[in-house]
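The structure under discussion appears below in the form of structure tokens.
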Number of protein chains: 2
Amino acid sequence: MQARPSEPPISAHERVYRTLRSRIMHGELVPGSALTLRGIGQEFGTSMTPAREAARRLVAEGALTMSVSGRISTPELANDRIEELASLRGLLETELAVRALPRAHLALIERLAAINSTVAEAIRRGDAVAYIRTNLEFHRTLYLRAQAPAMLALVETVWLQLGPTMRKLYGRMRQGRPPDSHRLILAALRNREEAALRVAVRTDVTKGLRLLMT
Amino acid sequence: MQARPSEPPISAHERVYRTLRSRIMHGELVPGSALTLRGIGQEFGTSMTPAREAARRLVAEGALTMSVSGRISTPELANDRIEELASLRGLLETELAVRALPRAHLALIERLAAINSTVAEAIRRGDAVAYIRTNLEFHRTLYLRAQAPAMLALVETVWLQLGPTMRKLYGRMRQGRPPDSHRLILAALRNREEAALRVAVRTDVTKGLRLLMT
DNA sequence: ACACCTCCATTGTGATCACAATCTGGAATG
DNA sequence: CATTCCAGATTGTGATCACAATGGAGGTGT
């Protein structure tokens with residue numbers, strides 16, 4: 001009895017799934033990278049059964065692509081798909097931000113500001129993966145306050161599909177000034193301005209992806 | 001060579017997945033129904049391997065629930081979850097409808113009107129499953145014109161999660177008059193009125209689910 | 001009559017294996 | 001030197017099996 005509340009004995013395929021999902025979402029895999037079930041199983045010390053289930057789940061979520069012959073690789077997104085996913089981010093994330101707004105007390109805003117400083121540091125270091133991870137953590141921390149788990153899950157699915165592409169985007173990231181859109185989001189939260197928040201979130205989410213569409 | 005364009009030799013787990021997904025989305029399974037991997041495999045004449053992969057995929061999409069011990073059943077949604085999913089439908093489906101609006105020529109509108117008549121007939125017959133299926137077909141036919149496959153996929157995920165619940169909703173459906181919200185959608189499409197279309201889609205999508213939240 | 005406990009059937013998990021399709025590398029040919 | 005073709009290696013698919021955990025039914029005790 002008395003097990004830790006969030007520590008149900010983790011199954012093998014779940015462990016594989018979460019690790020791969022994190023890698024893909026944070027851009028550790030370049031678009032077009034090939035994966036094999038036996039290779040995954042070998043890396044995680046399991047047979048191919050859990051590897052297959054994790055891979056199939058990621059394919060279903062759009063995080064991986066499966067050719068007609070079943071070969072697995074990270075997707076290379078076409079421009080119209082990128083535009084569509086960016087629109088989805090704008091649509092869903094503005095809604096989540098607005099829902100989080102009335103519950104965003106000062107402690108949350110300060111936590112967001114702290115995360116934002118780590119984002120800035122990642123940019124200064126030119127560390128693309130760290131930037132993607134901390135940036136998504138900034139957004140997720142805010143959206144968690146919206147108390148809308150299904151909506152957040154959909155947004156994370158979109159992030160997942162954009163993961164490898166974001167890596168390609170920020171791989172060419174020149175070191176330097178962090179964008180000020182996060183600062184605008186924080187200001188809108190402090191001032192309780194819903195309209196300004198909408199604009200700030202939408203531009204933050206859409207801006208970077210636009211310049212990726214060659 | 002020269003295979004039919006949409007007929008790649010269908011794998012077993014894909015067949016299982018599509019069949020189960022269709023059943024769930026169309027409300028053929030009441031919330032709380034239990035499923036077993038061996039039972040699924042037996043029904044489809046396969047081993048439990050394809051059944052397991054299909055079930056896990058459906059669990060990942062929120063179409064099925066898995067208890068901590070791994071038992072599989074259709075989800076029983078709480079009220080706040082239903083509200084959230086209804087909001088998602090409103091958000092995503094208005095966007096899809098607006099995107100489809102400039103491309104909705106007369107032939108499409110007539111096809112939608114034809115589908116709508118089959119919806120009305122299902123209501124007259126009191127056939128809940130047929131109603132859900134034809135109603136979703138009405139929406140999907142419109143949204144396909146939006147040329148936004150990722151967005152449509154997200155909406156279908158939401159439909160999938162609501163499937164068993166919709167069944168419970170329309171199981172108590174009294175025979176009789178079909179709602180006129182579809183008629184409003186068709187009118188807005190004919191008149192090219194974006195604002196009216198937004199309102200019509202949102203009310204059509206939200207209305208029914210509201211009265212389910214006891 | 002009700003609660004609890006024990007035991008067995010059932011369930012999901014993961015490993016292993018056989019098989020067919022596919023890809024890759026190199027050799028043979030023009 | 002480029003192109004084609006063949007064969008070995010690699011990959012995903014699905015079946016089968018052993019195993020641990022769970023759930024439910026029936027019996028026992030109060």
Output for the range B:185-214, where each listed residue is within 22 Å of B:Leu85 (Cβ to Cβ), modelled with pLDDT of 80 or more and surrounded by fewer than 20 Cβ atoms within 10 Å (Cβ to Cβ):
B:Arg198, B:Val199, B:Arg202, B:Thr203, B:Thr206, B:Lys207
Within the range A:103-117, how many residues are touching a residue at least 12 places away in the same chain (Cβ under 8 Å) and out of contact with any Phe, Trp or Tyr (no Cβ under 9 Å at 6 or more places or on another chain)?
6
If you check every pair at least six apart or on different chains, which have Cβ atoms under 6 Å apart with a residue in the range B:14-43 that is more than 20 Å from B:Ala128 (Cβ to Cβ) first and a residue that is among the basic types (Lys, Arg) and within 16 Å of DNA strand C (Cβ to nearest atom) second?
B:Tyr17/B:Arg57; B:Leu37/B:Arg52
Taking A:Ile115 and the conditions (1) closer than 17 Å to A:Leu184 by Cβ; (2) surrounded by 21 or more Cβ atoms within 10 Å (Cβ to Cβ); (3) within 16 Å of the chain's Cα centre (by Cα); (4) aliphatic (A, V, I, L, M), which numbered condition does it fall short on, given that it satisfies the others?
(2)
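Conditions tested, residue by residue: (1) assigned by TED's automatic domain parsing to the domain that holds B:Asp127; (2) modelled with pLDDT of 90 or more; (3) out of contact with any Lys or Arg (no Cβ under 6 Å at 6 or more places or on another chain); (4) within 14 Å of DNA strand D (Cβ to nearest atom).
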residue	(1), (2), (3), (4)
B:Ser22	no, yes, yes, no
B:Glu28	no, yes, yes, no
B:Ala34	no, yes, yes, yes
B:Phe44	no, yes, yes, yes
B:Ser47	no, yes, yes, yes
B:Pro50	no, yes, yes, yes
B:Ala54	no, yes, yes, yes
B:Val59	no, yes, yes, no
B:Glu84	yes, yes, yes, no
Those helices (runs of 4 or more DSSP H) lying entirely in the range B:1-103 with at least 3 residues buried (at least 19 other Cβ atoms within 10 Å of the Cβ) and within 13 Å of chain A (Cβ to nearest Cβ):
B:12-25, B:48-60, B:79-100
Qualifying positions in the range B:124-150 - buried (at least 22 other Cβ atoms within 10 Å of the Cβ) and farther than 18 Å from B:Ile185 by Cα
B:Ala148
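The values are calculated or read from the model by the stated rules, or taken from the named source; none is laboratory data. In this text the structure is predicted, and so the values were computed from the model without any measurement. Here Cβ is always computed from backbone atoms with ideal geometry, including for glycine, and neighbour counts include all displayed protein chains.
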